[in-house]
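Undergrad: First the structure, then my questions, so here it is.
The values are calculated or read from the model by the stated rules, or taken from the named source; none is laboratory data. The structure displayed is predicted, hence computed values, not measured ones. Ideal geometry is used to build each Cβ from the backbone, glycine not excepted, and the neighbour counts take in all protein chains shown. Side chains are part of the model used for accessible areas, which takes the heavy atoms of the whole protein and leaves out ligands, DNA and RNA. Shrake-Rupley method; radii C 1.70, N 1.55, O 1.52, S 1.80 Å.
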Amino acid sequence: MVGENFFSLREEMVKNQIVARGIKDQRVIRAFLKVPRHIFVLEKDLPQAYNDHPLPIGEGQTISQPYMVALMTECLRLKGGERVLEIGTGSGYQTAILAELAGEVYSIERFPSLGEKAGMLLAKLGYKNISIKVGDGTLGWEEFSPYDRIIVTASSPEIPSPLITQLKEGGYLVIPLGESFSQVLTVVEKFGDKIKRQEICGCVFVPLIGRYGWQSDD
Ligand code: SAH
């Protein structure tokens, strides 16, 4: 059966790519076993949906490597019930993982085609705690702020200042920071008007394009 086949591919992915590399949060592991990653890839890439690498999703963007999604999620230290802001909806896969682990998820995507497709898929999967909007995520989403957690799934030269403003006291923000072709996954914690940064590992993400990220070429 096709469905069972995907479940066993998902189990393999979790065991060999996620648990074997040190992800320990049991809630994160359960979410990865549950969310059907193959729904979020292009049909031509179905056989590769559970492979150990990113895949194209259109508009020159990618669905991130499973391990990177897991690592960023674990860095958020979600216990359940949090209000989370995600910048870079892309395929919606990370959004679904967040919706499994937090209270409400607000996600912003720059490309209308990607945001609309992700919104349809997530609704079809039955998620009721996700709101998606199309726009420049470097400005945050003030209406529902402050957020307990913020995750940026595209790379930026610096932390967009509106995101620091919209993060709650004691909240965490996860973001790849650095040059266009190589960055450092960074966890930012906010205390009053100060922030503390912790560098996790090197990574490569597509650019965050917007007012407080990289400038667009067009
Ligand atoms: N988590 C997604 C990652 C997609 S790649 C997934 O695994 O599918 C990063 C996404 O960020 C791309 O879809 C890109 O279009 C989007 N992006 C880039 N700059 C943005 C911005 N300023 N605001 C919102 N989304 C942005």
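Undergrad: With 100, 158 as the choices, which residue is in a helix (DSSP H, G or I), at pLDDT 95 or above and of a type in the set (Asp, Glu)?
TA: Step by step, each of 100, 158 is checked, and only 100 is in a helix (DSSP H, G or I), at pLDDT 95 or above and of a type in the set (Asp, Glu).
Undergrad: Let me ask something else about it. Any chance the range 163-178 includes a residue that's within 13 Å of the ligand (Cβ to nearest atom), closer than 24 Å to residue 14 by Cα, at pLDDT 95 or above and not hydrophobic (A, V, I, L, M, F, W, C)?
TA: yes
Undergrad: Now, a different point. Looking only at the range 84-97, decide whether some residue is touching a residue at least 40 places away in the same chain (Cβ under 8 Å), part of a strand (DSSP E or B) and more than 9 Å from the ligand (Cβ to nearest atom).
TA: Yes, the range 84-97 contains at least one residue that is touching a residue at least 40 places away in the same chain (Cβ under 8 Å), part of a strand (DSSP E or B) and more than 9 Å from the ligand (Cβ to nearest atom).
Undergrad: If you don't mind, another one. Among the residues of the range 24-63, count how many are part of a helix (DSSP H, G or I) and either away from the ligand (no atom under 11 Å from the Cβ) or closer than 16 Å to residue 153 by Cα (or both).
TA: 18
Undergrad: Within the range 190-209, which residues are open to solvent by less than 90 Å² (accessible area, probe 1.4 Å) and within 16 Å of the ligand (Cβ to nearest atom)?
TA: Across the range 190-209, the qualifying residues are 203, 205, 206, 207, 208, 209.
Residue by residue, here is whether (1) within 12 Å of residue 86 (Cβ to Cβ); (2) open to solvent by less than 40 Å² (accessible area, probe 1.4 Å); (3) not polar (S, T, N, Q) holds:
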site: 125; (1), (2), (3): no, no, yes
site: 132; (1), (2), (3): yes, no, yes
site: 164; (1), (2), (3): no, no, yes
site: 187; (1), (2), (3): no, yes, yes
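Undergrad: Among the residues of the range 195-206, is any more than 17 Å from the chain's Cα centre (by Cα) and without any contact (Cβ under 8 Å) to a residue 12 or more places away in the chain?
TA: yes
Undergrad: Also, quick follow-up: Tell me yes or no: at least one residue of the range 76-83 is buried (at least 19 other Cβ atoms within 10 Å of the Cβ) and within 21 Å of residue 155 (Cα to Cα).
TA: Scanning the range 76-83 turns up at least one residue that is buried (at least 19 other Cβ atoms within 10 Å of the Cβ) and within 21 Å of residue 155 (Cα to Cα).
Undergrad: Tell me the residue from 108, 150 that is of a type in the set (Val, Ile, Thr) and either within 20 Å of residue 60 (Cα to Cα) or open to solvent by 30 Å² or more (accessible area, probe 1.4 Å) (or both), please.
TA: One residue alone meets the criteria, 108.
Undergrad: Now for a different question. Quick one: which residue in 180, 216 is in contact (Cβ under 8 Å) with a residue 24 or more places away in the chain, surrounded by fewer than 16 Cβ atoms within 10 Å (Cβ to Cβ) and not in a strand (DSSP E or B)?
TA: 180
Undergrad: Looking at 19, 2, 14, can you tell me which residue is open to solvent by less than 30 Å² (accessible area, probe 1.4 Å) and either modelled with pLDDT under 95 or over 23 Å from residue 180 (Cα atoms) (or both)?
TA: Only one candidate qualifies: 14.
Undergrad: Further question on the same structure: Among the numbered conditions (1) near the ligand (Cβ under 10 Å from one of its atoms); (2) in a loop (DSSP other than H, G, I, E, B); (3) not small (Gly, Ala, Ser), tell me where residue 133 comes up short.
TA: Failed condition: (2).
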